[in-house]
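The block underneath contains the structure these notes are about, expressed in structure tokens.
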Amino acid sequence: MNEIKYPFLDLATVNQRYAAAMHDAAVHVIDSGRYIGGETVISFERQMAEMVGAPFCVGVSNGLDALRLILLAWQELGRLHKGDGIIIPANTYIASVLAAVQAGLRPVLVDPDPLTHNLTAETIERACDADNSIKAVMPVHLYGRVVWDRNIAAAVMRRNLLAVEDAAQAIGAIAVSPGLFDSRKAGALGHAAAFSFYPTKNIGAVGDAGGVVTHSKELADAVRALANYGSDTRYHNIYCGLNCRLDPIQAAMLSVKLPDTQGANARRFERAVAYNNVISHPLVIKPLISPQVTDSVWHQYVIRVTGGRRDDMRRYLAAQGVATDIHYPVPPHLQPCFKTLVHGPLPVTEQLAAEVLSLPISDCTTVADAAAIARILNRFPISQHL
Ligand SMILES: *Cc1c(COP(=O)(O)O)cnc(C)c1O
């Protein structure tokens, strides 16, 4: 095996710039003697809500639980019922679909737009025409690209849907929608949003962590209670709840990193621009970079390799010392756990799964590295016979 010259991601390197402050913050939590809830968690929640631009944030255990708690809370509040349909883009990470199933809802998987990899208003409308049990939609800001515009907002309104954003990959991404609003961050677009602070996300904890963000106090209160055994006040349980709280130690780590969200996203953007400027290969489709630079926070930089050559490209890059990844090689509807899940044909999702390839884009990769990787990629032989 060749030496890896360009690693895909090394979290210790990513956290180097924060490490001293993280050490201090960890010591502070240890010395405080407060290991569940308390001021550290509350202060992180305030910081996060303010960053996203919504009034409420509830820190929770992880992104999957954030999604699940929102969907369960809406049921406790009588807004959703078991068996209701929820539209989910079929090319998402499996956690989106697991959350729906575990909350007793019925995932209605739809193909994404192959250019943005995201949901469109037309697919929402078409799904609702075909199925009047659909009561919710989960826009997933995949790879960090915001999916929200006036058409989606209009479809959500017209169909009276609840919109839960899966913002796990999109912290800090900004949607600009003239006529609807000037600019708003991912997480403040729908009725509620789930964030993940899994270590590899743009802002990652040193373990599992997540957050629910919403404009609704009623929903925030229900999520907070559900995440704490269903308890609204001490020893008073209004729901059969779960234990999905955010640890203070993770909240403390996140409070160190959150102020750098814009900076971290800007560094990713620089790398994406370097890739897009240099990559030029007849088999490769580059991701969109819109003039509205803020609409993606480049959680992943994902190209498509056409002609059935994705795996060849991946091997070629590995042989040149470039580590890559695939997000995601097997879509949820083809996973063994969803053998019995009912869905229509999903040709776009299956094609994307066979073509997508993620190039390194974290702080481990310099802008010069990105340009060098792009030049290596450009030399990939078109002929099958390597
Ligand atoms: C990471 C991720 C999740 C799940 O978050 P966890 O914190 O790992 O549970 C959900 N949806 C998407 C799109 C993700 O990328």
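Relative contact order for the chain: 23 percent, from Cα pairs under 8 Å spaced at least 6 residues apart, divided by residue count. Ordered by 1.4 Å accessible area with all protein chains kept, PHE269, PHE197 run largest first as PHE269, PHE197. If a/c stays under 1.5 just call it rounded; otherwise compare a/b with b/c (prolate if a/b is bigger, oblate if not). Do that for the chain, with a ≥ b ≥ c from the square roots of the Cα gyration tensor eigenvalues. Taking the square roots of the gyration eigenvalues as a ≥ b ≥ c, the chain is oblate. Backbone amide hydrogens, once placed in the peptide plane, bring TYR198 within less than 5 Å of GLY63, ALA205, ALA209, excluding anything fewer than 5 places away on its chain. With just the Cα atoms defining each centre, how far is the stretch 310-344 from the stretch 32-103? Give it in Å. So the separation of the two Cα centres works out to 27 Å. Placing a label point 7 Å from the Cα of LYS5 along the Cα-to-Cβ line, the residues of the stretch 296-339 whose backbone N sits under 20 Å from it are 312-325. Full extension of the segment from ASN243 to ILE285, taken as 0.36 nm per residue of separation minus the current Cα-Cα distance, would add 10.8 nm. Starting from the Cα of ALA371, move 7 Å in the Cα-to-Cβ direction to define the label point; list residues of the stretch 260-303 whose amide nitrogen is under 14 Å from there. Residues passing the 14 Å test: 270-279.
A 1.4 Å probe run over the stretch 252-352, with the rest of the protein chains in place, finds 44 Å² accessible per residue. Subtracting the Cα-Cα distance of GLN47 and GLN384 from their residue separation scaled by 0.36 nm leaves 116.1 nm.
Taking 0.36 nm per residue of sequence separation and removing the Cα-Cα distance, the ALA26/GLU39 pair yields an extension gain of 3.3 nm. Straight-line cross-link partners of LYS217 among the lysines, defined as a Cα under 22 Å from its Cα and at least 8 positions apart when in the same chain: LYS135, LYS185.
Close amide-amide hydrogen proximity is noted between ALA192 and ALA163, GLU165, each under 5 Å apart and 5 or more residues distant or on a separate chain (H modeled in the peptide plane; Pro and chain starts excluded).
Between the listed residues LEU9, ALA368, LEU71, the Cα displaced farthest toward the positive end of the dipole of the chain, a dipole computed from Cβ unit charges relative to the Cα centre, is found at ALA368. Here the chain is treated with +1 on each Lys and Arg Cβ and -1 on each Asp and Glu Cβ, and its dipole about the Cα centre works out to around 400 debye.
Between the amide H of VAL108 and those of ILE86, ILE87, ILE88, distances stay under 5 Å, these residues lying 5 or more places away or on another chain, with hydrogens modeled in the peptide plane.
Modelled spin labels at TYR18 and VAL293, positioned 7 Å past Cα toward Cβ, are 2.3 nm from each other. When both bridge partners sit in the chain, DSSP labels roughly 65% of those beta bridges antiparallel.
In the chain, excluding the sites themselves, the longest stretch lacking any of the trypsin sites (Lys or Arg not before Pro) that are in a DSSP loop with at most 13 other Cβ atoms within 10 Å is 83-233.
The values are calculated or read from the model by the stated rules, or taken from the named source; none is laboratory data. Quick caveat, the model's predicted, so the values are computed rather than measured. Note: ideal-geometry Cβ built from the backbone for every residue, glycine included; neighbour counts use all protein chains shown. Just so you know, the surface numbers come from the protein's heavy atoms only, side chains and all, with ligands and any DNA or RNA stripped out. Shrake-Rupley method; radii C 1.70, N 1.55, O 1.52, S 1.80 Å.
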